[in-house]
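Below: one structure, written as structure tokens.
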Amino acid sequence: MADLDLAESHLLGWLSTVGLDAHYVRAEGDYLYRLDEQGNEIPVVDFAGGYGSLMFGHNHPEIVALAQEMLAAGAPVHAQFSRHPYATELAARLTAIVSRETGEDETYNAVFANSGAEAVEIAVKHAELDRALKVAELQAEIAEHIEAARAAVAAGTASVPAEAALAVGLDATAPEPVGLEALATRITEVNAARAGVEPLLFALEGGFHGKLMGSVQLTHNAAYRIPFAALGTSARFITREDLPALPKIFEEERVDLLDLAVTGNEITVVSRPLPLLCAFVLEPVQGEGGIQVLDAESAALIQAACAGAGCPIVVDEVQSGMGRTGTFLASTGIGLRGDYYALAKSLGGGLAKAAVMLARSSLYRPQFELVHSSTFAKDYFSTTIGLKVLDLLEADDGAAYRKAAERGAHLIEMLRSVQRDFPDVVRDVRGRGLMAGLEFQDQSESGIEELRQHAEGATLGYALAGKLLRTHRVRTFPTASSPNTLRFEPSIHIGDEEVARLESGLRDVCALLRTQDGAGLLET
Ligand code: F0G
């Protein structure tokens, strides 16, 4: 083993201060296994669940068997730039499920990726390509209209009235009337300046969409985003309270290009809205932002405002999708329809790195495929596993979705029972299906110095997670952007016994917080 840890040793050092620096040697179902001093396995119930990527648990036997079978058969894992029938099949099945859940018969084109952030970035990149092409199409239309006006004036069938000159800021009182050429030149100058404005991206406050250069601009957590803000187009973050004013917010950002129309024998200047809104990116259930469920009313406000303004919606289902909330897409449950979807995490079956961006076929630009690629995406191994994951999800008429809903209800009911018994310690319980969170009350006023420090350092959740791991052999983590919220995202196979163990651990932590027993909570 290497003497010097050059793989993020700083983070590991910090994890050890809260007792989370465990070394796991095996994983199965909802369990991870570490070794004690004698080399015996210690089972740890895993409620972190790969941050939502283990719908079927660790090393699900059917998925492992498929992986072994593929590898033993010499699977052509990397066969870039060739036929990928497995990816074609996966895309077809994904679009069929989306169509079934949304009730729409429109298909979705798939572009595969390797991570959630990448899938989000592909959606935004495609939306930007689509927007830029729409701008070019509008500019071409305006050039045609200018040409038509020029021909009408040359044929003597139309003239340039003073109003037209005024409309573009030309001096209509000059002795020499403003001719079409002056008008056309002015319009071209104005449009060139306006068409170059930066596209607008919108996201919800609290949203998390990844930490890569582009996706981090959409992630609300300032600690993640601000250091890299100079690298990209930052999103405008919208609060829930802002949503009723969204149409007005869009309207205030409106930029028009100028166009000419020949109306009878007059040339008139008309305004044409510039496609400026690149995308509105949101999660139907915010994961890293603290397990915040978007309600149907908010979804409807966003849907209507975006439809009215021609702003595409990117529904980021990286964490909430793949059946975790009881339907394939969490957005189904709130009536939200995406122009784009990002899926990842459980798509890889807990074994492969897999992600996909789905784009409405009506807005899909095929040329995108010629300007975007990724070495490992759409590979035989991950897409074949993705097909298996869909088999498991869709089997018995979607029994897995019902199981996720039932297990999630059981889990959330337990969390609420803890909240009912410890209202002084537990602030809130949130979630849908197997995407649940319990938020502790703030401890900034604690009489225990260390607890206050954790509260002020946004590390209380990690300290409590350390206690759960140490004493109760339960593994979970807080949501980094809501640091007092512990999140619970087990597999659909999570048993009553494991939920009971979590309950016992949480009640122990709550009792220690109630009595402000710093030693009991924080000893490592
Ligand atoms: N979008 C959402 C909604 C996510 O929850 C995540 C990751 C990503 C995008 C990025 O995916 O990590 O595969 O690049 N969520 C993890 C979390 C990190 O903490 O919940 P990635």
Next item on the list: Quote the charge dipole size of segment 98-178 about the Cα centre in Debye, to the nearest 20; the model charges only the Cβ of Lys and Arg (+1) and of Asp and Glu (-1).
Entry: 140
Next item on the list: Using the charge dipole of segment 435-495 (Lys, Arg: +1 at Cβ; Asp, Glu: -1 at Cβ; taken about the Cα centre), state which of LEU451, PRO490, THR479 has its Cα farthest towards the positive end.
Entry: PRO490
Notebook entry, point to check: Over segment 177-308, what relative contact order in percent results from Cα pairs under 8 Å that are six or more residues apart?
Noted result: 27
Checklist line | From phi via Karplus (6.51, -1.76, 1.60), per-residue ³J(HN,Hα) for segment 3-16 in Hz, x at Gly/Pro | finding: 6, 9, 7, 9, 10, 6, 5, 4, 4, 4, x, 5, 4, 5
Notebook entry, point to check: Could you give the radius of gyration (one decimal) and Dmax (whole number) of the Cα atoms in segment 195-266, in Å?
Noted result: 17.2, 60
Item checked: Pairs of lysines in the chain (C-alpha under 20 Å apart; 8 or more residues apart or interchain) -> 13
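Which value at 222 nm does the chain reach when only helices count, each DSSP H run of 4 or more adding -39,500 (n - 2.57), with the total divided by all residues and rounded to the nearest 500 deg cm²/dmol?
On the way: 15 runs with 216 residues, N = 524.
Computed ellipticity for the chain at 222 nm equals -13500 deg cm²/dmol.
Would you mind getting the accessible area per residue of segment 165-215, heavy atoms of the protein chains only, 1.4 Å probe, in Å²? All intermediate terms of the calculation are to be shown ahead of the outcome.
Numbers: 2620 Å² over 51 residues.
In whole numbers, segment 165-215 has 51 Å² accessible per residue.
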Item checked: Rounded percent of accessible protein surface that carbon and sulfur make up, the chain, 1.4 Å probe -> 55
Item checked: Residue-span extension gain [ALA155 to ALA222] - 0.36 nm each, minus C-alpha spacing -> 18.1 nm
Notebook entry, point to check: Just how far, in whole angstrom, is segment 461-524 from segment 13-39 if you go by their alpha carbon centroids?
Noted result: 15
Check: Separation between the ALA261 and ALA395 pseudo-spin-labels, each 7 Å from Cα along Cα→Cβ, expressed in nm?
Finding: 6.1
Notebook entry, point to check: Going toward the positive end of the dipole of the chain, with +1 on Lys and Arg Cβ and -1 on Asp and Glu Cβ, which of GLN286, GLN441, SER374 do you reach last?
Noted result: SER374
Notebook entry, point to check: How much length, in nm to one decimal, is gained on full extension between ALA193 and ASP421, taken as 0.36 nm per residue of separation minus their Cα-Cα distance?
Noted result: 75.9 nm
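Using a 1.4 angstrom probe, figure out how much accessible area segment 392-446 has per residue, in square angstrom, rounded to the nearest whole.
Details: 2300 Å² over 55 residues.
In whole numbers, segment 392-446 has 42 Å² accessible per residue.
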Notebook entry, point to check: Hey, could you pull the Cα Rg and Dmax for segment 321-410, both in Å?
Noted result: 14.8, 47
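Give, rounded to the nearest 20 debye, the magnitude of the charge dipole that the chain has about its Cα centre when Lys and Arg contribute +1 at Cβ and Asp and Glu contribute -1 at Cβ.
Values: 43 positive and 72 negative charges, 97 e Å.
For the chain, the charge dipole is close to 460 debye.
Applying 1/(1 + (r/R0)^6) with R0 = 51 Å to the Cβ-Cβ distance of ALA143 and ASP295, what FRET efficiency is obtained, to the nearest 0.05?
Details: r = 46 Å, r/R0 = 0.90.
Result of the calculation: an efficiency of 0.65.
Highest mean first, what order results for 468-477, 493-502 on Cβ atoms within 10 Å?
Details: 468-477: 20.8, 493-502: 17.1.
Result, highest mean Cβ count within 10 Å first: 468-477, 493-502.
Relative contact order of segment 1-153, please, whole-number percent, based on alpha carbon pairs below 8 angstrom and at least 6 residues apart. Don't jump to the answer; show the numbers that get you there.
On the way: 69 pairs, mean separation 14.2, N = 153.
With pairs under 8 Å counted, the relative contact order is 9 percent.
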Next item on the list: Compute the distance in nm between two label points, each set 7 Å from the Cα along the Cα-to-Cβ direction, one at ALA230 and one at GLU37.
Entry: 5.2
Note to self: How high is the relative contact order of segment 351-444? Use alpha-carbon pairs under 8 Å, at least six apart in sequence, and give a whole percent.
What the structure shows: 19
Next item on the list: Note down the magnitude of the dipole of segment 166-209 about its Cα centre, charges +1 on Lys and Arg C-beta and -1 on Asp and Glu C-beta and zero elsewhere, to the nearest 20 debye.
Entry: 80
Notebook entry, point to check: What are the ³J(HN,Hα) values, in whole Hz, obtained from phi via the Karplus relation 6.51 cos²θ - 1.76 cosθ + 1.60 with θ = phi - 60°, for each residue of segment 146-156 in sequence order, with x given for Gly and Pro?
Noted result: 5, 5, 5, 5, 4, 5, 5, 5, 5, 7, x
Check: Based on the Kirkwood radius over alpha-carbon pairs, what is the Stokes-Einstein translational diffusion coefficient of the chain at 25 °C with 0.890 mPa s viscosity, in µm²/s?
Finding: 96
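What FRET efficiency would be calculated for the residue pair SER16, ALA136, taking the C-beta separation as r and a Förster radius of 60 Å, to the nearest 0.05?
Numbers: r = 55 Å, r/R0 = 0.91.
The formula returns an efficiency of 0.65 here.
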Check: How large is Rg over Rh for segment 1-76, taking Rg from the Cα atoms and Rh as the Kirkwood inverse mean of 1/r across Cα pairs?
Finding: 1.06
Check: Hey, what do the phi angles of segment 474-480 turn into as Karplus ³J(HN,Hα) couplings, whole Hz, using 6.51/-1.76/1.60 and θ = phi - 60°, x for Gly and Pro?
Finding: 10, 10, 7, 9, x, 8, 3
Check: Once the dipole of the chain is set up with Lys and Arg at +1 and Asp and Glu at -1 on Cβ about the Cα centre, which of LEU71, PHE81, LEU231 lies farthest towards its positive end?
Finding: LEU71
Margin query: For a quick check: with amide H placed at 1.01 Å from N, whose amide H comes under 5 Å from GLU266's, ignoring anything fewer than 5 positions away on the same chain?
Written below: SER159
Notebook entry, point to check: Taking the Cβ of ASP396 as the center, what net charge do the other residues with Cβ under 15 Å away carry, scoring Lys and Arg +1 and Asp and Glu -1?
Noted result: -3
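The values are calculated or read from the model by the stated rules, or taken from the named source; none is laboratory data. Predicted model only: the values in this text are computed from it and were never measured. Reconstructed Cβ throughout: ideal geometry from the backbone, glycine too, with neighbour counts over all protein chains shown. Calculation scope for accessible area: heavy atoms of the full protein, side chains included, ligands and nucleic acids excluded. Shrake-Rupley method; radii C 1.70, N 1.55, O 1.52, S 1.80 Å.
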